[in-house]
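Notes to accompany the following structure.
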Amino acid sequence: MPNEIKGLNEECGVFGVFGAPDAAQLTYYGLHTLQHRGQEGAGIVSSDGASLYQHRDRGLLAQVFADQAELKRLVGNAAIGHVRYGTSGHNSIANVQPFLFHFHDGDIALAHNGNLTNAVTLRRQLEDDGAVFQSDSDTEILIHLIRKHIREGFIPALKQSLNQVHGGFAFLLLQKNRLVAALDPNGIRPLCIGQLANGAYVVASETCALDIVNARFVRDVQPGELIVIDRDGLHIDHYTTKTRLAICSMEYIYFARPDSIIHGVTVHNARKQMGRLLAREHPVDADMVIGVPNSSLSAASGYAEESGLPYEMGLIKSQYVARTFIQPTQILREQGVHMKLSAVRGVVSGKRVAVVDDSIVRGTTSKQIVKMLRDAGAKEVHLLISSPPFRFPCFYGIDISTRSELMAAHYSVEQMRQRIGADSLHFLSVDSLIRAINVPDAGDAPDGGLTVAYFTGKYPTPLYDYEAGYLKSLNEQERRAQGRLIK
């Protein structure tokens, strides 16, 4: 997967189906297509209309369900599933979703993609009120809030609870006789609805998961919506009307599969347009354009077409490196780049190469790629990034919640170029990024209906529990910039 090297990871992928025979098998297929969104754990909960059945474990989906008997045991015509990369909570079986809770008035399963920015405060309050948590994931907070308000009825309790949690979230909840989906008031994380030929409904993080089960795309879940699917069909409700679209721009830049469509925008087309606008902003004198496999290939093709330079395969990605080989140390990350990517000497030797990549996080990958191309004989290496400098952390479901690991937070573009070793380094502007994605649902939403806070520092929501640490990091950065701190 692309995130094995870059050091930037999406939190999770969710998939649900209601009204289809072999719902768990369909959910397995959907999760397989969403595997790029999480590789630490996977699970499925199914319902036969009377009981809920669960299987979950750490590892890739195929490992979790290596024994086909586990999948066959998940009977019923409704199911939800989850693939996990945890930004909140440790990598233990207790944190692998979907969670399944047993109550005297009915069981409920819960799966979540995103991150709650007020989770610490809410958990402390709930524990003080007597709640006992089974995991250290922020996902579990929602179920405790629901139980706190359950006397009002499940849907009213859910609505009240959704108004108490903040951040970026897409929730799927399964009861014995209905499937419920909810999206945060800014629609930061993607969520869409499809329909099978037999009338059954499917809910998924990306449309590519609808395609694998031959579901027809119906609509995106909108900010603040509460979707209820039961035997009577699809019901659209709202838990809040105080909404404003702010989709995570990194979905288009890096995370989502290129064949997915998010709020009317095909991810491949958006990335290709990023490459075109990058070529207009930063033309370079080169002999060829190459892309960094795989998430940068669309942008590289756009850059090549706009610049009139030939598009070549100058880097090859190995398809057989397991994620377990990549460890969280600098030395092993650098080795991981060599295990994952190889330069094509016969293509780049003696050439001036324009390399298009989608982002720079730590700079480890970029530095190693430049060195790799020079070792293969490249005469010049010009690095072009199809997104703006990643200067600010994400608090909505990407595993960068501090500025300490962000290269662009500590160095100017010229300093980054020197440290990476490229002959030139260029980034796409924020305005061009917004223009390239061009979300048709944006309306009058700021920043074209996108969250671009990673580049501007202007977040669409309050940061709540993260506020103090974030402000502290900004103050430290300002002191460094003034030369008071040397790091």
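Observations on the model:
- Toward the positive end of the charge dipole of the chain, with +1 on the Cβ of Lys and Arg and -1 on the Cβ of Asp and Glu, the farthest Cα among Leu425, Tyr29, Ser51 is that of Leu425.
- Between Glu152 and Arg73, the distance separating the two model label sites (each 7 Å from Cα on the Cα→Cβ line) works out to 3.8 nm.
- Charge dipole magnitude, Cβ of K and R +1, D and E -1 - segment 374-484, Cα centre, debye nearest 20: 460
- Simple spin-label estimate for Arg124 and Gln35 in nanometres, 7 Å along Cα-Cβ: 4.1
- The distance between label points at Asp232 and Arg419 comes to 5.8 nm (points 7 Å beyond Cα on the Cα→Cβ vector).
- Dipole of segment 159-305 [Lys/Arg +1, Asp/Glu -1 at C-beta], most positive-end residue of Val265, Cys248, Ala182: Ala182
- Two-decimal Rg to Rh for segment 270-446 - Kirkwood Rh, Cα set: 0.96
- Based on Cα contacts under 8 Å between residues 6+ apart, segment 5-79 shows a relative contact order of 38 percent.
- Option label - semi-axes √(5λ) of the Cα gyration tensor in Å computed here, alternatives [x] 39, 24, 21; [y] 33, 30, 19; [z] 34, 28, 23: [x]
- Computed on segment 3-243, with alpha-carbon pairs under 8 angstrom and 6+ residues apart, the relative contact order is 20 percent.
- Taking a Cβ cut-off of under 11 Å around Gln195, the surrounding Lys, Arg, Asp and Glu residues balance to a net charge of +2, with basic ones at +1 and acidic ones at -1.
- Dipole magnitude of the chain, debye to nearest 20 (Cβ charges: Lys/Arg +1, Asp/Glu -1, about Cα centre): 1060
- A convex hull fitted around the alpha carbon atoms of segment 3-243 yields 116 Å³ per residue.
Computed from the coordinates by the stated procedures, all read-outs in this text should not be read as laboratory data. Source: prediction; values computed, not measured. Positions of Cβ are generated from backbone atoms using ideal geometry, with glycine treated the same way; all protein chains shown enter the neighbour counts.
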